[in-house]
Amino acid sequence: MPYRFLEHMCDQLIEAWGKTLEEAFESAALAMFETMTDTKQIEEKEAREFKIQAEDLESLLYDFLTELLYYHDAENLIFKRFELSIRKNQTYELKCKAYGERFDPNRHESRYVVKAVTYHLMRISKEDDKWTLRVLLDL
């Protein structure tokens, strides 16, 4: 499992990691959906593609997770797999293809409602060959 849940009083604090920045972002997204449901029960029936740009990595992570949360809120989609590419030119650019399906209460466990992604306690670091992210989800 490329993430873990850290203790926090009332929200969900996630620490995610990967050998690449893309893997770490994918792990954070998976952890966000694992907060909502058991991602092992999600089938890859639908896909959504999007592109975002940001001035820094923290904004890119925030915008990435917020975009996925938008698809959940607007279309009732839950995702389990993500294909990402991140490039740095003058700004950071992220391209994502997310795979999942619509939430079905008869098939999917309902855990927590994620209201928002926050910048509070956010951290992105690289040590040796590992990227580590921390992000707090408002429940």
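Close Lys pairs in the chain (alpha-carbon distance under 13 Å; sequence gap of 8 or more, or different chains): 8.
Given +1 at the Cβ of Lys and Arg, -1 at the Cβ of Asp and Glu and no other charges, the dipole of the chain around its Cα centre is 160 debye to the nearest 20. Arranged from fewest to most other beta-carbon atoms within 10 Å of their beta carbon, Ile42, Ile14, Ile52 become Ile52, Ile42, Ile14.
Checking every one of the trypsin sites (Lys or Arg not before Pro) in the range 34-139 against DSSP loop status and a limit of 13 other Cβ atoms within 10 Å picks out Lys45, Arg107, Lys115. Exposure proxy ranking for Met36, Met9, Met122, based on other Cβ atoms within 10 angstrom of each Cβ and starting from the fewest, stands as Met9, Met122, Met36. Shown for Thr118, Thr37: other C-beta atoms within 10 Å of each C-beta, ranked fewest to most, produce the order Thr118, Thr37. Restricting the range 1-98 to GluC sites (Glu not before Pro) that sit in a DSSP loop and have at most 16 other Cβ atoms within 10 Å of their own Cβ leaves Glu7, Glu43, Glu44, Glu55. With the helix formula -39500 (n - 2.57) applied to DSSP H stretches of n ≥ 4, the chain reaches a computed 222 nm mean residue ellipticity of -8500 deg cm²/dmol.
Counting only the Cα atoms, the range 1-120 fills a convex hull of 100 Å³ per residue.
Read the figures in this text as sums done on the coordinates, not as results from a lab. Because the structure is a prediction, the values reported are computed rather than measured. As a convention, Cβ positions derive from the backbone with ideal geometry for all residues, glycine included, and neighbour counts pool all protein chains shown.
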